[in-house]
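I have placed the structure first, in the form of structure tokens, so that the comments after it can refer back to it.
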Amino acid sequence: MAKKAKKLQTSKGIELKIVNPNAAGIDIADSEMQVCVPADRDGDNNRRFGSFTRDLNEISGWLKACGIETVAMEATGVYWIPLFFKLQKDGFDVQLCNAREVKNISEKKTDESDAEWLLVLHSYGMLKPSFQPENAARQIRNLARHRGGLLKSASKEVQHMQKAMEQMNIKLTNVISDITGVSGLRIITAILKGERDAQTLSALADSRCKRSREEIALSLEGTWDADHLFELKQSYELYQIYQGMVEECDKEIENLLQGFVSRIDEDNVGLLRTKKRINKKNAVAFDVESYANAIWGVNAMAITGMSSGSLLQLIGELGADFTDKFDSPAKFCKWCNLVPNNKISGGKLISSRLPKRKNPVGQIFRLCANTVAKSNSPMGFYFRRIKSRAGHMSAIVATAHKMAEIFFIMVRDRVAYDEGRVGLDEETLLKRKIERTQRQLEALNAKLYATAS
């Protein structure tokens, strides 16, 4: 494993020590790879290679011939992925670095100078590696992200269906909250089969609909234009195709999870299942709670606001051993971009805004935090307390930070979810507020008495 920077006290002052003598730097691009090794390893120590599989094999062979043990490369788009895994497979310690943090400001920017700069920084241990989950988790992550893309595409087709019906003055969305529910899909299917009678269509609505049959029938009196019916038909068919693809994706994800988790039935002995109500729409088609418990040894579903979809995304984004790659919960939360970037100058805090970057794990915790806004739980009370003081957006970030911290501690220490970690409960805080108000009242009474006397 690559070493971190070390300082040496010499007669000339403090100097940095070369801690990774067998290091290399690689500048990544779409069609070429610029690889730089120490000058004493080869006469032509800064070489340019292609990006085909044959070229990647040549890079690996050349690095071995030069005695390289650790490699640093920039995270450029998705172009780094094949070379990253190729070098890892061949036994190199590969560090993926944020391009913003290794920006070469010492000379004119070229591929050669960027590769050489990466080599210099890595030799002195000045680079911070980006977090990367294990390959099995990465496969789950890829399909989980793909599943999210399919759901977004399906939601666009729902909007297209709504638009087509609005143009025909079919006001179904005014009487049914979700046209992709049981009632909505029955009515749309009947329309596409040729049914035009409003009373017949309204009778297809579920008996649990809040609106009456008469109101639903009134909303189904339209113009029935042929062009808009054609748009409705194709959007409906695309929606059904995307829903089928989501089901196929769920099956493939479960197959990967079964390979990722060994002996899941025995690992789940003693699992205390949560009694959370799972929304059936767009829900994951398998038991994510059991898989997560087998991977992490704790039931993260117990965290207030956590859903099966969010849990599946966390499995893919983090993997099983992510707690070994962060020194503390604070550093994990900072990586999630849930900690303000405090800027201090002259001993004064001049800025405390969040960095303008998106972290997928941080986004997951923010979505979970937004669902507890009205929750009757310590997490929900914590959200509302922060909201009353700093606003809704600050409450989302603060609650997401609290969730991420608790989640990290649960997985690292193998402990169950404890609501006491959220903070003081509402009753205790109210008692403190009453005591503080009573002290203020007594002080005012004393001041009034002194003035009167």
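The values are calculated or read from the model by the stated rules, or taken from the named source; none is laboratory data. What you see is a predicted model, and the numbers here were worked out from it, not measured in a lab. Positions of Cβ are generated from backbone atoms using ideal geometry, with glycine treated the same way; all protein chains shown enter the neighbour counts.
Descriptive notes on the structure:
- Taking the criterion of being surrounded by 17 or more Cβ atoms within 10 Å (Cβ to Cβ), modelled with pLDDT under 90 and of a type in the set (Val, Ile, Thr), the only residue of the range 51-106 that qualifies is 102.
- Residue that is over 29 Å from residue 324 (Cβ atoms) and modelled with pLDDT of 90 or more, where the choices are 404, 400, 395: 395
- The range 171-188: number of residues that are among the hydroxyl-bearing types (Ser, Thr, Tyr), part of a helix (DSSP H, G or I) and either in contact (Cβ under 8 Å) with a residue 12 or more places away in the chain or under 15 Å from residue 213 (Cβ atoms) (or both): 1
- Any hit, the range 351-361, residues being of a type outside the set (S, T, N, Q), modelled with pLDDT under 90 and in a strand (DSSP E or B): no
- Index of the failed condition, residue 166 passing every other in (1) farther than 22 Å from residue 243 by Cβ; (2) within 40 Å of the chain's Cα centre (by Cα); (3) touching a residue at least 24 places away in the same chain (Cβ under 8 Å); (4) assigned to a helix (DSSP H, G or I): (3)
- In the range 206-228, residue nearest to the chain's Cα centre (by Cα) [restricted to those that are buried (at least 18 other Cβ atoms within 10 Å of the Cβ) and at pLDDT 90 or above]: 228
- Residues that are over 17 Å from residue 155 (Cβ atoms) and of a type outside the set (Asp, Glu), drawn from the range 222-240: 222, 223, 224, 226, 228, 229, 230, 233
- The range 352-383 - residue that is of a type in the set (A, V, I, L, M) and surrounded by 15 or more Cβ atoms within 10 Å (Cβ to Cβ) and, of those, nearest to residue 148 (Cα to Cα): 364
- Consider the range 317-340 and keep the residues that are in contact with a Lys or Arg (Cβ under 7 Å, 6 or more places away or on another chain) and assigned to a helix (DSSP H, G or I). The one that is nearest to residue 368 (Cα to Cα) is 317.
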